[in-house]
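For reference, the structure is listed below as structure tokens.
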Amino acid sequence: MSRRATLLVGGASVPCLLQNFSGKGFFIISNQQFAIGQILDLKCELYPDRFLRCRVEVKHISETCVGTKIMSISEEGRVLLHQFLQEYYSLKLDRSI
């Protein structure tokens, strides 16, 4: 699963690709360099005109990829992410049967 997203870093918007999702964090591909422990604001359109916004912390780095952990997310964002993950994995399971 992948989705285009934007990271807000020091007032600048940095395009990225969310490669893997979970309810706890994301694996993000970006050309921008980050540091472990860096806090980033993430924005991603999961459904038309429905955006996930949360704050993530960089937990590990490998080349152009970073693993992040969700540090803060609104209740609305948590529900949206849970709905998205539930639909994605439900569809994936249906295809494998």
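Approximating the spin labels as points 7 Å out from Cα along Cα→Cβ, the R3-to-M71 distance works out to 2.1 nm. Site pair I36 and S90 shows an inter-label distance of 3.9 nm when each label is modelled 7 Å from Cα along Cα→Cβ.
For Kirkwood radius over Cα pairs in Å, pick the label among (i) 14.1; (ii) 13.7; (iii) 15.7 that corresponds to the value derived from the coordinates. The value matching this structure is (ii).
Here the label points at E63 and R78, each 7 Å from Cα along the C-beta direction, are separated by 3.6 nm in the simple model. Ordering E87, E75 by the number of other Cβ atoms within 10 Å of each residue's own Cβ, fewest first, gives E75, E87.
Using C-alpha pairs under 8 Å with a sequence gap of at least 6, the mean separation divided by the residue count of the chain gives a relative contact order of 23 percent.
Every number in this text was worked out from the coordinates using simple rules, so none of it is lab data. Just so it is clear, the structure is predicted and the values come from calculations on it, not from any experiment. Cβ atoms come from the backbone with ideal geometry, glycine included; neighbour counts cover every protein chain shown.
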